[in-house]
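Asker: Input: one structure, supplied below.
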Amino acid sequence: MPNDHSIDIESVLQEERKFPPSAEFSRRAHIKSMAEYEALYRRAAEDPEGFWKECASELFWFKPFSKVLDWNFPWVKWFVGGELNASYNCIDRHLAGPRRNKAAIIWEGEPGDSRVLTYQMLAGEVARCANGLRSLGVKAGDLVTIYLPMVPEAVIAMLACARIGATHSVVFGGFSADALRDRINDAEAKVCITADGGWRRGQIVELKRSTDEALKQTPSIQKCVVLKRCGNRVEMRPGRDLWWDELMGPQKTVCDPVSVDSEHPLYTLYTSGTTGKPKGVVHSTAGYLLHTLMTMKWVFDIKDEDVFWCTADIGWVTGHSYTVYGPLAAGATAVIYEGAPNAPENDRFWQIIEKYRVNIFYTAPTAIRTFIKWGEEWVKKHDLSSLRLLGSVGEPINPEAWMWYHKVIGREKCPIVDTWWQTETGGILISPIPGATPTKPGSATRPLPGIAAEVVTREGSAVAPNQGGFLVIKRPWPGMLRTIFHDPDRYKHQYFEQIPGVYTTGDGARCDDDGYFWIMGRVDDVINVSGHRLGTMEVESALVSHPAVAEAAAVGRPDELKGQALMCFVTLEGRRKGDDRLREELRNHVAREIGAFAKPDTIRFTDALPKTRSGKIMRRLLRQIAAGDQTLGDTTTLEDLSVLSRLREDEE
């Protein structure tokens, strides 16, 4: 590490391009200028409790709160004494006006089947499900595991749990039986809701088979509810297993919502931990719901006429916050798609946007880089003129992918909201305000109102502009996690003891002269090359700025001389093949973009990178391959396991 301990991570990415919102977009936006944003941000900073109290009037309360914030570091309570219901706020309060007959959910199945549920229809289905769960003995405070494909019933089940005060734990449908078992047992779930299967690239993902395997070792499960989705043959265990339609069909379409405390746990969501043991992140009802609602307005500038599509699977926090709770609390229309972006062909996303006239499209940088690799011809087949706003989520977006998104998908007229947040934060914390913020490709720009973000040294001192450091949040916010389920010590240690007195995000970042944040990736992914601590995102961005490169992942491998050598895995545009000449050209390109010290030692060409189904590159696995280790740890979230075997076969 450098001798100057005030600089923990070096920042090497330089980006000068700037894109102000159009006058037309700003004129119609909720927040119309930087002056408006700055006034709102200032007000939240000067009187945070007054600010959030005013925001909380957007929700419907059965009992008003007596105190806005109770902060006993690191434990927090928001809207103390208040009572409400998340299901009521997402459905019932829209039924008195014209939204009653508005589409709440537009669903597209991978085989091409589709359904539309209005808010009134959704209300009836949620009530049936809530009554069905009650008939199984589920009550307020119980936990229900949901292991479903991307179908409307996943949303219905989540809202039904919320309606009766049960806490839900959604497990991503790509997880293995072992991963499902571990999550059920940690949560001590009483009921599991699953399906016979789900469609993925024309194949049936056999969810019931995985569930049966998991439930062999889950003593807390009393009942298993099974949705008929694919019609594949499944085993039904008498006394335990029930068909969804047989349980829910006879139920009444009215179910009074349970009034729960503001801090009642709405859900537990398991996210990967560095120890290999998944951690159950617990989110409250009031604070989380308010955070997702306000960010729908601020970040997505949501309007009543908008069709909003977040492509994330419901098993991830992005699907929770911006497919279910945020859009429905805002009275929006949300699109849900079951399958893969290349099923049956590479234009499925663009086909869906054209078919449903989607206005706001929110997806991951890795998906964008995949679209670049597939080529513009797939986009040009479709009319995307309905789009007015684009979003990015999941990891830092490199500037060249940002520019392609801007030009090819947004036709240079759609603002891009590059959002930074985490499972633990509940909702977006740093993002452009589309009608106000001039954007810079690759920057998440400024914190949202009420969010006190800073870049600091390991000791907690603020770094100078354009110096790399650790991204922290200095004040509590309503959507923040409340604890790690069954593990409060881990909550304290991981998030509040790494750098004393603040919430430590685990991400490296820098803040430029305009106060814009540039996220440099996970601190765990920082590469130490000859004393230079480099964020992976900046090396990868340099590679992707070369016209031959579609996507790149940089990792460190042990090196006796340098400490770590820089190894990069690269996929190329179209059908281009890599050779020694291109390899050397790319190494020199990185040296020109960043500096000779960042020149990759090794570049490996590959047809694909190991990714989760949500699109995140699994750099942990690449580090193991680079080091020559056997693959360790959980690989059940991998979209394509064969990628690992191909990478091992191609080792140089």
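The values are calculated or read from the model by the stated rules, or taken from the named source; none is laboratory data. What you are looking at is a predicted structure, and each value in this text was computed from that prediction instead of being measured. Cβ atoms come from the backbone with ideal geometry, glycine included; neighbour counts cover every protein chain shown.
Asker: Take region 341-369 and flag every residue that is modelled with pLDDT under 95 and either of a type in the set (Phe, Trp, Tyr) or outside any loop (DSSP other than H, G, I, E, B) (or both).
Answerer: Correct list: 365, 366, 367, 368, 369.
Asker: Considering each residue of region 398-415, count those that are over 21 Å from residue 374 (Cα atoms) and in contact (Cβ under 8 Å) with a residue 60 or more places away in the chain, and give that number.
Answerer: At the first step, the residues of region 398-415 found to be over 21 Å from residue 374 (Cα atoms) are 413-415.
Then drop every residue that is not in contact (Cβ under 8 Å) with a residue 60 or more places away in the chain, which leaves 413, 415.
Qualifying residue count for the region: 2.
Asker: Being under 14 Å from residue 425 (Cβ atoms) and hydrophobic (A, V, I, L, M, F, W, C) is the filter here; which residues of region 452-495 pass it?
Answerer: The answer is 452, 453, 471, 472, 473, 477, 480, 481.
Asker: I'd like to know if region 128-142 contains one or more residues that are assigned to a strand (DSSP E or B), of a type outside the set (Val, Ile, Thr) and in contact with a helix residue (DSSP H, G or I) (Cβ under 9 Å, 6 or more places away or on another chain).
Answerer: In the first step, residues of region 128-142 are kept if they are assigned to a strand (DSSP E or B); the result is none.
Within region 128-142, not a single residue is assigned to a strand (DSSP E or B), of a type outside the set (Val, Ile, Thr) and in contact with a helix residue (DSSP H, G or I) (Cβ under 9 Å, 6 or more places away or on another chain).
Asker: Still on this model: Restrict the check to region 159-180 and report whether at least one residue is in contact with a Lys or Arg (Cβ under 9 Å, 6 or more places away or on another chain) and of a type in the set (Asp, Glu).
Answerer: Residues of region 159-180 in contact with a Lys or Arg (Cβ under 9 Å, 6 or more places away or on another chain): 160, 164-166, 169, 171-175, 177.
Keeping just the survivors that are of a type in the set (Asp, Glu) gives none.
No: zero hits.
Asker: Mind telling me which of the residues 45, 29 ends up being touching a residue at least 60 places away in the same chain (Cβ under 8 Å) and under 16 Å from residue 294 (Cα atoms)? Talk me through it step by step, then tell me what you get.
Answerer: Values: 45 fails: under 16 Å from residue 294 (Cα atoms).
Matching residue, one of 45, 29: 29.
Asker: Have a look at 157, 166, 123 and point out the one that is modelled with pLDDT of 95 or more, under 21 Å from the mean Cα position of the chain (by Cα) and among the hydrophobic types (A, V, I, L, M, F, W, C). Explain how you work it out, then say what you get.
Answerer: Values: 166 fails: under 21 Å from the mean Cα position of the chain (by Cα); 123 fails: under 21 Å from the mean Cα position of the chain (by Cα).
Matching residue, one of 157, 166, 123: 157.
Asker: Could you figure out which of (1) crowded, with 24+ Cβ neighbours inside 10 Å; (2) modelled with pLDDT under 95; (3) in contact with a Lys or Arg (Cβ under 6 Å, 6 or more places away or on another chain) isn't true of residue 130?
Answerer: The single condition residue 130 does not satisfy is (2).
Asker: Residues being of a type in the set (Gly, Ala, Ser), surrounded by 22 or more Cβ atoms within 10 Å (Cβ to Cβ) and either in contact with a strand residue (DSSP E or B) (Cβ under 9 Å, 6 or more places away or on another chain) or in a helix (DSSP H, G or I) (or both): count how many of those fall in region 399-439. Let's see the steps before the verdict.
Answerer: Step one: filter region 399-439 for residues of a type in the set (Gly, Ala, Ser), giving 401, 410, 426-427, 431, 435-436.
Next cut, surrounded by 22 or more Cβ atoms within 10 Å (Cβ to Cβ) only: 401, 426-427, 431, 435-436.
Add one more test, that the residue is either in contact with a strand residue (DSSP E or B) (Cβ under 9 Å, 6 or more places away or on another chain) or in a helix (DSSP H, G or I) (or both), and what stays is 401, 426, 431.
Total meeting the criteria: 3.
Asker: Could you say which residue among 465, 488, 476 is of a type outside the set (A, V, I, L, M), outside the structural domain of residue 265 (by TED's automatic domain parsing) and more than 30 Å from residue 187 (Cβ to Cβ)? Let's see the steps before the verdict.
Answerer: Details: 488 fails: more than 30 Å from residue 187 (Cβ to Cβ); 476 fails: more than 30 Å from residue 187 (Cβ to Cβ).
Within the list 465, 488, 476, the selection yields 465.
Asker: Residue by residue through region 22-71, note down the ones that are among the small types (Gly, Ala, Ser) and in a helix (DSSP H, G or I).
Answerer: Taking region 22-71 and keeping what is among the small types (Gly, Ala, Ser), we get 22-23, 26, 29, 33, 35, 39, 44-45, 50, 56-57, 66.
Correct list: 23, 26, 35, 39, 44, 45, 50, 56.
Asker: Now for a different question. Kindly indicate which of 79, 65, 51 is modelled with pLDDT of 95 or more, at positive phi and surrounded by 18 or more Cβ atoms within 10 Å (Cβ to Cβ).
Answerer: Details: 65 fails: at positive phi; 51 fails: at positive phi.
Selected residue: 79, the only one of 79, 65, 51 that is modelled with pLDDT of 95 or more, at positive phi and surrounded by 18 or more Cβ atoms within 10 Å (Cβ to Cβ).
Asker: Here's a follow-up. Take residue 271 and decide whether it is under 16 Å from the mean Cα position of the chain (by Cα), surrounded by fewer than 22 Cβ atoms within 10 Å (Cβ to Cβ) and either β-branched (Val, Ile, Thr) or under 30 Å from residue 200 (Cβ atoms) (or both). Step through it out loud before you land on a result.
Answerer: On the way: under 16 Å from the mean Cα position of the chain (by Cα): yes; surrounded by fewer than 22 Cβ atoms within 10 Å (Cβ to Cβ): yes; either β-branched (Val, Ile, Thr) or under 30 Å from residue 200 (Cβ atoms) (or both): yes.
So residue 271 fits the description; yes.
Asker: Follow-up question, since we're still on this one. Conditions: (1) free of Cβ contacts under 8 Å to residues at least 12 places away in the same chain; (2) in a helix (DSSP H, G or I). Residue 575 meets all but one. Number of the miss?
Answerer: Going through (1) free of Cβ contacts under 8 Å to residues at least 12 places away in the same chain; (2) in a helix (DSSP H, G or I) one by one, residue 575 breaks only (2).
Asker: Now for a different question. Would you please list the contacts, defined by Cβ atoms under 6 Å and residues six or more apart or on different chains, that run from a residue in region 271-286 that is charged (D, E, K, R) to a residue that is in a strand (DSSP E or B) and modelled with pLDDT of 95 or more?
Answerer: Matching pairs, first to second residue: 279/484.
Asker: Could you list, in sequence order, all residues of region 440-486 that are assigned to a loop (DSSP other than H, G, I, E, B), more than 23 Å from the chain's Cα centre (by Cα) and surrounded by fewer than 20 Cβ atoms within 10 Å (Cβ to Cβ)? Break it down stepwise before answering.
Answerer: Taking region 440-486 first, the residues assigned to a loop (DSSP other than H, G, I, E, B) are 440-444, 446, 448-452, 457-461, 463-467, 474-482, 485-486.
Still in the list and also more than 23 Å from the chain's Cα centre (by Cα): 457-461, 463-467, 486.
Result: 457, 458, 459, 460, 461, 464, 465, 466, 467, 486.
Asker: Also, I was wondering about something else. Within region 143-248, which strands (runs of 3 or more DSSP E) (wholly inside it) include 1 or more residues that are free of Cβ contacts under 8 Å to residues at least 60 places away in the same chain and within 27 Å of residue 261 (Cα to Cα)?
Answerer: Values: elements: 143-147, 167-170, 191-195, 198-200, 203-205, 223-227, 241-243.
Answer list for region 143-248: 143-147, 191-195.
Conditions tested, residue by residue: (1) of a type in the set (Gly, Ala, Ser); (2) buried (at least 17 other Cβ atoms within 10 Å of the Cβ); (3) modelled with pLDDT under 90.
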position	(1), (2), (3)
580	no, no, no
585	no, no, no
604	no, yes, no
615	yes, yes, yes
619	no, yes, yes
622	no, yes, yes
633	yes, no, yes
642	yes, no, yes
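Asker: A further question on this structure: Look through region 18-36, keep the residues that are out of contact with any Gly (no Cβ under 9 Å at 6 or more places or on another chain) and of a type in the set (A, V, I, L, M, F, W, C), and return whichever of them is nearest to residue 448 (Cα to Cα).
Answerer: Filtering first and then ranking leaves 34.
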